[in-house]
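> Provided herewith is a single structure, encoded as structure tokens, for subsequent inquiry.
The values are calculated or read from the model by the stated rules, or taken from the named source; none is laboratory data. The model shown is predicted, which means the values in this text are computed figures rather than measured ones. Glycine also receives a Cβ, built like all others from the backbone with ideal geometry; neighbour counts cover every protein chain displayed. Calculation scope for accessible area: heavy atoms of the full protein, side chains included, ligands and nucleic acids excluded. Shrake-Rupley method; radii C 1.70, N 1.55, O 1.52, S 1.80 Å.
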Amino acid sequence: MGKPKPDKISTLGSMVPPPPEDWEGWKEVKYNPAFKGTGLGNYSLYLHHSREIFLDNMSNFFFRLGARIEPNPKLVIFISLFVTCLFIPGIFLLKAENEALYLWVPQETQVWEDFLYVRENYGGQRRVTTLLITAPDGEDLLDGESIRSMINVHNNLTSVFQNKEGRTFRDFCVKDGKGRCQVENFLSIWDYNASKVEDDKHRLLYQINQYIDNVPASIQFGGVTYAPDGSGVLLGFKAARMQYYCTNDIPTTVTNLNNNTKIMAKQWEKIAFWYDPLWQVTDWEANTMSFLKGFSPIIDVNCVTKRSVDDEVYRLVIDDTPLFLSAIFCIILWLALTFGRQNIIEARFLLTWTVAIEIACCLIFSYGVLGYMGVRVSSLNAIVPFVIAGVSVDDMIVIEDFFNKAEGKKNRMAECLKAAGVAITTTSLTSIAAFFTGAWCDMPGVKSFCLGCFLAFTWDFVLNITLFPALILIDQRRIDANRHFLFPCIEVDESHKARERSSSMSAHVERQKSVKSVNTLSSMGGLSRAGSSFSRSAYISIRGYKEKPSAVEHFMYAHYGSFLQYETVQMWVLILFSLSALLLGVTSYFAGVGLTIQNVLPYDSYIIDFVESVDSYFPTNIDQLGIIVRDLDYTDSTQVSNMFDYFGFVQRYEGIEGNVGMVPGSWYANYAFYLYSNDHDIYKDFPTYLEEWFEGDGESFKSDVVCKTDDEPNRAGKCVDIVSSIYKVWHSSPDDTMETYRVQKDLNEGVTRYGLPKNSYVFSEIFLFAVTDWHMYGYICWNLFLTIVIVMVVMLIFTDNISCFFITLMVIFIDADLMGMMYFLDINISAVSFICILMSIGLSVDYCVHIGHAFTHSDGETPNMRLVEAVKLIGTSVLKGGMTTFLGTIVLAFSGSDAFRTFFKMMLMTVIFGMLHGLMCLPVFLTMFYNLAGRAAHYENDKGQVGSKLAKGARTKKEIKAGKRIELAGVEVTVKSRAMLEEEVEEAPPPPPSTPKVSFGAGLFGKASSSFQYDDNPMRR
């Protein structure tokens, strides 16, 4: 015998059809009129059934989990804290990274591979110390006394000033082929000998102008005054820039270290995780500023080192620590006002402090795992505590709310987790999935931040279903024992709690009397507003009959939900939100692009003042371009000729300063001159004399080539051919990275056009950021697409297909709005904003999933009634969650970093758009979809009440008047006003079930809706 066919099947999932193989009446279900026009086929029905089975099993899992926690909450607390403490050692393994190249440049691009090749073969890793020298009164520096003071500063900095170990700059500077420290300044004119500097200004002008014939003046001289005749003769300068290059290798490579020190350093590096392999260099850099400050009364010396950025970022994190504590305090204060009841027994003030405990545990777990994994963190990881503080509380609010609703049940915590577990799992998994996607990003700074948030949110979810329920149970035991909410050791008279409850009950007795007639109507089958707003004792069911709902709760289900039912309102919501997403999405294309050093440093940082001073004196940014020529056959005259033709193209290109090879000329030009001077053929004899030349006159050019050595024993290690070489040239870089990208693209296209080997290219470190900025918009869109797809898959598991579609649509709308607002808030598209947008996906889902879940599983007979029920059930919790996120991040508005303030702006927009779309757009879209799909006819309650579809011809306000009889769903009914209904309830018994009476009223906004009752009195509406 086959299984009987169910009487009806809900299209929203209140009743689940069995799988095909277990149900002989499958065809009847497939062709059931209830599914007509819904588009549900066999696969959708089977997926629907499988989802319901999965969710039932998950609900049972949370029920069993709550049942196990309830008798032993202290054991659960101990286990949770003990496991968290296991990750504390990992925190000491954390290493910071503040070098922009290693944070914000994608590492799976060609330009990054080019950078790695240059760094490996041509000494690309250098630590730069920059000195900016000006006159105290802002006057000209072109005089003998000022130049002699500069030479004195140079000699003391390079030879006299020592670190704690007695090492000087010469011990760890970057050296050329002849062992000379690499520095960039014009003092080499006098061989760094102050006695050679004359006081005759004309002589000084002649020497400096000869120097700038080979080196562009704008590189080392600022505030330059030129001759008015346009000859380019330098007459004076107000600032001088000098740069010193330190090695970025470990100090065991320093030449003057003895063997014992080298061995000891290597041993410490292996066994001590706090050992800094660059300690000698960083120690020298740390004291450079104090050494140079006030060094000379004649000139002002300002200095910035590589360590300066690290120190300023560290200061930023320390200065923002009080802001994090303030955020925690604000959240605790907010929860203290919302958790429990406001009396000296039932207030849950101590429970709110568990927020701080849980946040601390999440941070310990996150940073500990990052330390164990060896992931380098950036300054943006300091924002993780604020994110956790603002978001992790949302699930706590939901759990505490459901725990209150389960009051009086036998297994209270089990029932609480059974009801709340699936909802918080859905929201947590969407946030975790969003950050998990970002953790695979090939941009290290983004990857580090997203991985930290992924770990923190994962552990937060674990603690929310273990530690927090256990703490609630401990606090509930205090309440049951009538202990004081601040001093649990003090027992309070139970009459305090009783008076509060009595007062609350007396208020509700009056309320119940006022709505008694309306509830009676609901029991008789009266639909519309009476059924949606007051059915099932709505005023009493929020937290049980003992507690009066707050003003916000009352507003959400008594006014706001009813307002959203008007068809005119719904149409305007559809139009406005759709246009907003479209227009702001298009506007986002015009947002600026790029991230500067000013964005990541404190506003009061001396580095920002230094950079601004450099920009004022040196308006043109001059940097070195490296032309990397690989696999060129120097014995082939055609290939060599092509190379020089390309050099000519480069030298004619806009912004190029000087010749390829700069002051000393290129290594090839010098080697070819050597061959020609010794009567050798520059092509045939090219490989023959390479080693001889590099050992003699060409020793300083060894760092410019990569040699191929002979493997034969008698010529081992000798250079016999050139595998790769670099040719340097000065270039004035544009301020706009988009223009810099155009330069990089043009020069590299010229490599192919002039016939150089395919693996040759032009490189500069600024190209890394230019290429990154150029592709950032598409990079963000692609990663957002992947993140949304993953989040959609997660929602498809936990929600029905229709809710999943509309929630995904809301996420797309929110991200489009955010990216468009970046243009109006003057926020550039960068790695920082990319992180914010990526994070907004996980956060915005939280605002929508709860509403969508409540709408789907509502008991409302019509879509409009489900809208009211959803807003009533979860709207207040969504508002609370948005408020905690706002409180957790608002303190970032007072941060000293532009990056942190950008984060606050984006988070604020996420909260605003998230709540607007979650509380207004999503329920309206769902309601309109089900109404337009013709599903209102299938929403009948379990008592067989007649649906509320209006008959043809009864569609307008004029046709629906009090006292008029109309035909509704084959039943003749009388239209009555609210006052008539209330009087009828008091005077007459309810009508028999066979002839139900359905009431409608006159509407304010035009066309009457079949899902709720219009009231003749607008004040009551």
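> Ignoring ligands, DNA and RNA, how do Asp817, Asp735 rank by accessible area with a 1.4 Å probe, largest first?
The most accessible residue leads, giving Asp735, Asp817.
> Considering only protein heavy atoms and a 1.4 Å probe, what is the carbon-and-sulfur percentage of the accessible area of segment 59-124?
In segment 59-124, the share of accessible area belonging to carbon and sulfur is 63 percent.
> For segment 574-587, just list the computed ³J(HN,Hα) in residue order, Karplus coefficients 6.51, -1.76 and 1.60, θ = phi - 60°, integers in Hz, with x standing in for Gly and Pro.
Along segment 574-587, the couplings run 4, 5, 5, 5, 5, 5, 4, 5, 5, 5, 5, x, 5, 5 Hz.
> Applying the Karplus parametrisation 6.51 cos²θ - 1.76 cosθ + 1.60 with θ = phi - 60° to the phi angles of segment 136-144, what ³J(HN,Hα) value in whole Hz is obtained for each residue in order, glycine and proline being reported as x?
Those phi angles translate into x, 9, x, 7, 6, 9, 7, 8, x Hz.
> Apply 1/(1 + (r/R0)^6) to the Cβ-Cβ distance of Asp679 and Lys293, taking R0 = 41 Å, and write down the FRET efficiency to the nearest 0.05.
Taking R0 as 41 Å, the efficiency between Asp679 and Lys293 is 0.10.
> Additional query: I'd like the FRET efficiency for Ile79 and Phe487, computed as 1/(1 + (r/R0)^6) with the beta carbon distance as r and R0 of 25 Å, rounded to 0.05. If you can, show how the numbers build up before the last one.
On the way: r = 28 Å, r/R0 = 1.12.
Approximately 0.35, to the nearest 0.05.
> Between Gln342 and Ile912, what FRET efficiency follows from the Cβ-Cβ distance if R0 is 25 Å, with the result rounded to 0.05?
Efficiency computed from Cβ-Cβ geometry: 0.30.
> Might you work out the accessible area of Tyr668 for me, using a 1.4 Å probe with all protein chains in place, and round it to the nearest 10 Å²?
Accessible area, nearest 10 Å²: 10 Å².
> Also, quick follow-up: Could you give the accessible area per residue of segment 78-177, probe 1.4 Å, as a whole number in Å²?
Here the residues of segment 78-177 average 46 Å² of exposed surface.
> Largest first, how would Trp693, Trp440, Trp572 line up by accessible area (1.4 Å probe)?
Trp440, Trp572, Trp693
> Right, another one. At a 1.4 Å probe radius, carbon and sulfur cover how many percent of the accessible area of segment 547-627?
It is 68 percent, rounded to a whole number.
> Dipole of segment 754-879, Cα-centred, from +1 at each Lys and Arg C-beta and -1 at each Asp and Glu C-beta, to the nearest 20 debye?
260
> How much length, in nm to one decimal, is gained on full extension between Cys181 and Glu692, taken as 0.36 nm per residue of separation minus their Cα-Cα distance?
Full extension of this stretch gives 181.6 nm more.
> I've got another one for you. What distance in nm separates the simple spin-label points at Glu699 and Leu579, each placed 7 Å from Cα in the Cβ direction?
For Glu699 paired with Leu579, the spin-label model returns 7.8 nm.
> Show me, for segment 863-879, the HN-Hα J-couplings you get by feeding each phi into the Karplus relation (A = 6.51, B = -1.76, C = 1.60, θ = phi - 60°), rounded to Hz, glycine and proline as x.
So the Karplus estimates, Gly and Pro as x, are x, 5, 6, 5, 4, 5, 4, 5, 5, 5, 6, 10, x, 5, 5, 5, 4 Hz.
> Given a cut-off of 25 Å, name the pairs among Lys306/Lys718; Lys293/Lys728; Lys702/Lys745; Lys196/Lys238; Lys418/Lys872; Lys684/Lys718 whose C-alpha atoms lie farther apart than that in the structure shown.
Lys306/Lys718; Lys293/Lys728; Lys702/Lys745
> Please compute the modelled spin-label separation between Gln598 and Arg742, points set 7 Å along Cα→Cβ, answer in nm with one decimal.
Modelled inter-label distance: 2.3 nm.
> What is the gain in length, in nm to one decimal, between Leu235 and Asp199 on full extension, counting 0.36 nm per residue of separation less the C-alpha to C-alpha distance?
Gain in length upon complete extension: 11.4 nm.
> Can you give me the distance in nm between label points at Leu932 and Gln210, each placed 7 Å from the Cα along the Cα-to-Cβ direction?
8.3
> Ordering Phe329, Phe237 from largest to smallest accessible area (1.4 angstrom probe), what's the sequence?
On the way: Phe329 115, Phe237 0 Å².
Ranked list, largest accessible area first: Phe329, Phe237.
> Here's something else I'd like to know. Kindly report, to the nearest 10 Å², the accessible surface of Phe169 as traced by a 1.4 Å probe over protein heavy atoms only.
Approximately 0 Å² for this residue.
> Follow-up question, since we're still on this one. Run the 1.4 Å probe and let me know the accessible area of Arg901, rounded to the nearest 10 Å².
80
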